[in-house]
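So the structure is just underneath, and the comments pick up after that.
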Amino acid sequence: MSSTQSTDELLFVGKKEDLISAQRTVVSLQGRDVLIIYHEGEFYAIDSYCYHSGSSLETGDIEELNNKLCIICPKHKYKISLCDGEGLYRARDRSQSPPPLRWFSKGVKQRVHPITEIQGELYLRPATSGYIESDYYQGEQGKVERERAALADKGGGRGERGVSSPSFCASGRTSDLQAILCVIDDVSELHLHCSHELTAHHGVLLSQEVSS
Ligand code: FES
């Protein structure tokens, strides 16, 4: 993580050549961890921890989805626009018959920040307006949850959002539950819509109750 210094409202991020060389850099700016991405000639600045449950986005794949360049969270594959922080998911459009798969928006979920180059150096103007879900994982409580999730990933405790150790039970065929749950195509999105974490296994959905 690099050190930073402030000039008026702009915060120094780093030298352009260093950020290009690194491709991805996490900087701490006024207590906020921001991921700086250099991708195909452009810089992006986005909150470093995923709005869903606080996993680091640093190693997420980047893909163009629905004409938007998105980072895909490594943990549960949520798709987040790099330009504006919009969450995207793909589902069946029930307004048509037969219902085609198409992309839907969850609205802005991840905070992104304007970034600008001045004489070979990159500066960021922190975006602070309103509340965006990724703000939670920059705060103290979010930090505690991130640390707890990291511990659970290493096999040392409870997972994110209070998920206990594996105790899966078969809930039904994927096709049946998809019909009930608006036929959401991407299983990583399903647990947004019910109180259970869901995992696909050979065409059958397994559920695990979430305690909070
Ligand atoms: S933590 Fe990013 S998708 Fe769940």
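Numbers at a glance
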| item | result |
| --- | --- |
| Residue 69 within 22 Å of the chain's Cα centre (by Cα) and assigned to a strand (DSSP E or B) | yes |
| Residues within the range 72-93 that are outside any strand (DSSP E or B) and either among the polar types (S, T, N, Q) or more than 9 Å from the ligand (Cβ to nearest atom) (or both), tallied | 5 |
| Identity of the residue in the range 83-139, touching a residue at least 40 places away in the same chain (Cβ under 8 Å), aliphatic (A, V, I, L, M) and in contact with a Cys (Cβ under 8 Å, 6 or more places away or on another chain), that ends up farthest from residue 55 (Cα to Cα) | 91 |
| Hey, residue 53 within 16 Å of the ligand (Cβ to nearest atom), in contact (Cβ under 8 Å) with a residue 40 or more places away in the chain, among the small types (Gly, Ala, Ser) and surrounded by 13 or more Cβ atoms within 10 Å (Cβ to Cβ) or not | yes |
| Those residues of the range 14-30 which are open to solvent by 60 Å² or more (accessible area, probe 1.4 Å) and touching a residue at least 40 places away in the same chain (Cβ under 8 Å), in sequence order | 15, 16, 17, 30 |
| Any hit, the range 39-48, residues being among the aromatic types (Phe, Trp, Tyr), surrounded by 18 or more Cβ atoms within 10 Å (Cβ to Cβ) and near the ligand (Cβ under 8 Å from one of its atoms) | no |
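The values are calculated or read from the model by the stated rules, or taken from the named source; none is laboratory data. Bear in mind that the values here come from a model prediction, so they are computed numbers and not experimental data. All Cβ positions, even for glycine, are placed from backbone atoms using ideal geometry, and neighbour counts span all protein chains on display. Keep in mind that these areas ignore ligands, DNA and RNA; they rest on the heavy atoms of the full protein, side chains included. Shrake-Rupley method; radii C 1.70, N 1.55, O 1.52, S 1.80 Å.
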